[in-house]
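A quick write-up on the structure given underneath.
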């Protein structure tokens, strides 16, 4: 795409971490046009990660705000909360929102994800943990709940479980797969976390499918029941790509974008949890659910819009999860079939063929940060070679490199 | 309320008031002080809330927390002996008047 002057008016759909960062980065890059940030939820943009961690304990909603209201005034960002965009007219370059037509010169889709709702009878009795409103509801429900059942053994389900156990609740986590966090960590790390959760007194039901939720608790497909006063649904998410799909943009596990995070329409970008983009390491299309991807995407889009920078997006993904007194940190991402090697200091290195794909650590910030630097260097210089032979020669100790 | 002064790279100063128990990072964000990004929201997963504590105050802000040192190694601007992650400095009455210098870059 030939680069013209920056667009006069950027409309951002989605005021989560990615949408907010796009607005903030546009101003940091000295964008002088209009910025309209449209969010479906009420209130100021806020951080989601603490909803399943610190917020559940403290209940301090104000501490979640990414920036105070004054920030938006000072930076001339028009925030329109509580507004849902219902359609995009690409020919006219307009979005429809809350009964009005909003024109754009460039549109950024940062619509995030929604909870997956598996077919489970009575599922509307289960609570979600996605938004601040969800978290507020969950905190209230937790006060009177003696027994909590969690459907889904991923990050959010397990973070909630650890907090609930910490508050003295009886907790059961039901996971359909035979291991915890199966999509994102190695079998070894899954096992370590399973032991940890058992140790703090959480009951795990692995490889068990929940078929119904009732006022008394949950029931499994083998007919057994578990009593629960509170049921949390945390069985994964789906990208919010309906808006893009209905506008005729390609969607395949997210809104499809190129290496500069642009859709096939040169006036529309997509970023964060809703975007499927080429992984800088492998070129495979991926979609990440993380603060890191949302904010790094947003900065890349802002640079492109303001300066015409078309460098392919190249950031190393990182993730974290706080469960009880363990902080799990992951650099890169492995696929379930990737090999794993456990190092002497407890880190787990994952290999996609001969190449390092991910590094998993627990309470080991030093190795985590070193792996981020090494994997970032390997992205720009494939000769830096994070390959099995080389790593084996130092006993897989990244700190020795 | 506890007063904190943030000194920008150009030498300009901003003094704001924070609540006891809040961090030097969250106080800056809540009061609209530029120069702190705090990408991870205080989870010690990034080094984008880096600050340099005024040498007169380092006794009172105390030592770096576990893991803080490792994160600081990835800070975007030079790190010195006064460098801290501002998310790890919690405001207490004895920190009233604290002065911290902000680095050129956080990302």
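Scanning segment A:252-269 for residues that are surrounded by fewer than 20 Cβ atoms within 10 Å (Cβ to Cβ) and within 25 Å of residue A:154 (Cα to Cα) gives A:252, A:253. Being in the same structural domain as residue A:302 (by TED's automatic domain parsing) and in contact (Cβ under 8 Å) with a residue 12 or more places away in the chain holds for only one residue in A:130, A:165, A:90, and it is A:90.
Evaluate the following for residue A:40: is it at pLDDT below 95 and either outside any helix (DSSP H, G or I) or farther than 15 Å from residue A:305 by Cα (or both)? Step through it out loud before you land on a result.
Values: at pLDDT below 95: no; either outside any helix (DSSP H, G or I) or farther than 15 Å from residue A:305 by Cα (or both): yes.
Answer is no for this residue.
For residue A:244, state whether it is within 24 Å of the chain's Cα centre (by Cα) and crowded, with 20+ Cβ neighbours inside 10 Å. It is true that residue A:244 is within 24 Å of the chain's Cα centre (by Cα) and crowded, with 20+ Cβ neighbours inside 10 Å.
Can you spot a residue in segment A:137-156 that is touching a residue at least 40 places away in the same chain (Cβ under 8 Å), outside the structural domain of residue A:217 (by TED's automatic domain parsing), touching a strand residue (DSSP E or B) at 6+ places or on another chain (Cβ under 6 Å) and closer than 30 Å to residue A:330 by Cβ? For segment A:137-156, residues touching a residue at least 40 places away in the same chain (Cβ under 8 Å), outside the structural domain of residue A:217 (by TED's automatic domain parsing), touching a strand residue (DSSP E or B) at 6+ places or on another chain (Cβ under 6 Å) and closer than 30 Å to residue A:330 by Cβ: absent. Taken over segment A:54-70, the residue count meeting the criterion of being surrounded by fewer than 21 Cβ atoms within 10 Å (Cβ to Cβ), more than 8 Å from chain B (Cβ to nearest Cβ) and in contact (Cβ under 8 Å) with a residue 24 or more places away in the chain is 4.
If you take the residues in segment A:287-307 that are in contact with a strand residue (DSSP E or B) (Cβ under 7 Å, 6 or more places away or on another chain) and more than 14 Å from chain B (Cβ to nearest Cβ), which one is surrounded by the most Cβ atoms within 10 Å (Cβ to Cβ)? Per the criteria, the residue is A:301.
Checked against (1) facing chain A (nearest Cβ under 10 Å); (2) closer than 28 Å to residue A:24 by Cα, residue B:28 passes all but condition (1).
Conditions (1) within 14 Å of chain B (Cβ to nearest Cβ); (2) assigned to a helix (DSSP H, G or I); (3) surrounded by fewer than 13 Cβ atoms within 10 Å (Cβ to Cβ), marked per residue:
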site	(1), (2), (3)
A:4	no, no, yes
A:10	no, no, no
A:21	yes, yes, no
A:31	no, no, no
A:44	yes, no, no
A:50	yes, yes, no
A:72	yes, yes, no
A:78	no, no, no
A:92	no, no, yes
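Of the candidates B:47, B:76, the single residue that is within 29 Å of residue A:319 (Cβ to Cβ) and in contact with a strand residue (DSSP E or B) (Cβ under 7 Å, 6 or more places away or on another chain) is B:47. Going by the structure shown, is residue A:230 within 27 Å of residue A:356 (Cβ to Cβ), more than 14 Å from chain B (Cβ to nearest Cβ), surrounded by 14 or more Cβ atoms within 10 Å (Cβ to Cβ) and in contact with a helix residue (DSSP H, G or I) (Cβ under 6 Å, 6 or more places away or on another chain)? Considered against the rule, which asks whether it is within 27 Å of residue A:356 (Cβ to Cβ), more than 14 Å from chain B (Cβ to nearest Cβ), surrounded by 14 or more Cβ atoms within 10 Å (Cβ to Cβ) and in contact with a helix residue (DSSP H, G or I) (Cβ under 6 Å, 6 or more places away or on another chain), residue A:230 comes out as no.
Of the listed requirements (1) away from every other protein chain (no Cβ under 14 Å); (2) in contact (Cβ under 8 Å) with a residue 60 or more places away in the chain, residue A:385 misses just one: (2). Residue B:73 meets the conditions (1) closer than 28 Å to residue A:20 by Cα; (2) within 13 Å of chain A (Cβ to nearest Cβ); (3) under 14 Å from the mean Cα position of the chain (by Cα) in every case but one. The failed one is (3).
For segment B:50-68, the candidate set comprises residues that are at pLDDT below 95 and over 14 Å from the mean Cα position of the chain (by Cα); within that set, the residue that is surrounded by the fewest Cβ atoms within 10 Å (Cβ to Cβ) is B:66. Assuming residue B:44 fulfils every condition listed in (1) surrounded by fewer than 15 Cβ atoms within 10 Å (Cβ to Cβ); (2) over 19 Å from residue A:62 (Cα atoms); (3) within 11 Å of chain A (Cβ to nearest Cβ) apart from one, which condition is it? For residue B:44, the exception is condition (1). Would you be able to say whether some residue in segment B:32-39 is over 19 Å from residue A:299 (Cβ atoms) and either within 13 Å of chain A (Cβ to nearest Cβ) or modelled with pLDDT under 95 (or both)? There is at least one residue in segment B:32-39 that is over 19 Å from residue A:299 (Cβ atoms) and either within 13 Å of chain A (Cβ to nearest Cβ) or modelled with pLDDT under 95 (or both).
In the set (1) surrounded by fewer than 19 Cβ atoms within 10 Å (Cβ to Cβ); (2) more than 21 Å from residue A:318 (Cβ to Cβ), the condition left unmet by residue B:29 is number (1).
Would you say residue A:99 is on the phi > 0 side of the Ramachandran plot, within 27 Å of the chain's Cα centre (by Cα) and more than 14 Å from chain B (Cβ to nearest Cβ)? When the stated conditions are applied, residue A:99 does not pass them.
Every test in (1) under 25 Å from residue A:233 (Cβ atoms); (2) touching a residue at least 60 places away in the same chain (Cβ under 8 Å); (3) surrounded by 23 or more Cβ atoms within 10 Å (Cβ to Cβ); (4) within 14 Å of chain B (Cβ to nearest Cβ) is passed by residue A:14 save one, and that test is (4).
Each residue in segment B:47-70 was checked for being out of contact with any helix residue (DSSP H, G or I) (no Cβ under 7 Å at 6 or more places or on another chain) and within 11 Å of chain A (Cβ to nearest Cβ), and 3 pass.
When the strands (runs of 3 or more DSSP E) confined to segment A:308-380 are screened for residues that are surrounded by 15 or more Cβ atoms within 10 Å (Cβ to Cβ) and within 11 Å of chain B (Cβ to nearest Cβ), those reaching at least 2 such residues are found at A:318-323, A:326-332.
The values are calculated or read from the model by the stated rules, or taken from the named source; none is laboratory data. Since this is a predicted model, take the numbers as computed values, not measurements. Every residue, glycine as well, gets a Cβ built from its backbone with ideal geometry; the counts of neighbours run over all protein chains shown.
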